[in-house]
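Values quoted throughout were computed directly from the atomic coordinates according to the rules given, and no laboratory measurement underlies them. No experiment lies behind these values; they were computed from the predicted model shown. Note that we place each Cβ from the backbone using ideal geometry, even for glycine, and neighbour counts take in every protein chain shown.
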Amino acid sequence: MTKIKLAAAAVLAAGLLFSGTQGAQAHCDTIDGPVAKAALKALDTGNVNLALPYAPVKAEDEIKAAFTQSLKVRGLGPEAKTLADRAFIETTVRLHRAGEGAPYTGLKPAGVDFGPAIPAAEKAIETGKLAEVNALLAEEVEHGLHARFAHVRETQKAAKEPKSAKDVAAARERVSAELGFVTFVESLRQAAHGAGHEHKD
């Protein structure tokens with residue numbers, strides 16, 4: 001296994017890929033995401049404990065209160081059930097997001113395409129096999145590195161230290177590309193050694 005492949009797997013484990021964790025976290029905002037499914041199953045089974053693991057300890061009282069209220073309202077008819085379910089799901093997702101230190105902007109519709117990484121990660125969790133995730137991220141990391149490095153090499157046609165005012169723009173582009181590449185590499189290293197986003201109790 002190459003070092004790039006190992007680094008790629010660590011990047012996923014950290015929950016970061018190039019642009020940060022927003023995509024992965026947003027996955028939890030969807031009506032068909034894991035948090036919403038757990039909340040709905042909790043209501044259907046009458047077991048609030050199914051929803052509690054998706055939010056920090058400090059959120060338990062609010063979730064339990066919303067759960068009790070939603071169960072009562074559910075019995076008032078089909079429309080009431082729909083509203084009660086939605087309210088409890090939104091409460092659980094909102095508190096889940098707060099536990100991640102992220103804002104809640106409302107439930108997203110079902111079927112949102114977040115790209116290949118999230119389905120691959122979920123499949124790895126279910127099957128216990130990391131090969132598909134590893135291959136996917138190895139390809140993404142290598143592509144990102146090569147694209148950025150190619151841009152660096154292109155901009156290196158310009159002098160890094162401009163001799164006249166007309167050379168400044170090209171030198172600025174070179175400096176930007178070089179520093180951007182270094183930052184990208186360091187962000188991958190930090191992601192590989194980071195803990196990822198977790199609930200904050």
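Numbers for the structure displayed
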{"quantity": "Residue within region 87-99 that is surrounded by fewer than 17 Cβ atoms within 10 Å (Cβ to Cβ) and of a type outside the set (Val, Ile, Thr) present", "calculated": "yes"}
{"quantity": "Count - residues of region 36-58 that are under 13 Å from Phe88 (Cβ atoms), surrounded by 14 or more Cβ atoms within 10 Å (Cβ to Cβ) and touching a residue at least 24 places away in the same chain (Cβ under 8 Å)", "calculated": "9"}
{"quantity": "Looking only at region 99-154, and only at residues there that are assigned to a loop (DSSP other than H, G, I, E, B) and closer than 26 Å to Val185 by Cα, the one that is farthest from the chain's Cα centre (by Cα)", "calculated": "Leu130"}
{"quantity": "Answer from Gly77, Gly33 - the residue that is surrounded by 14 or more Cβ atoms within 10 Å (Cβ to Cβ) and of a type outside the set (D, E, K, R)", "calculated": "Gly33"}
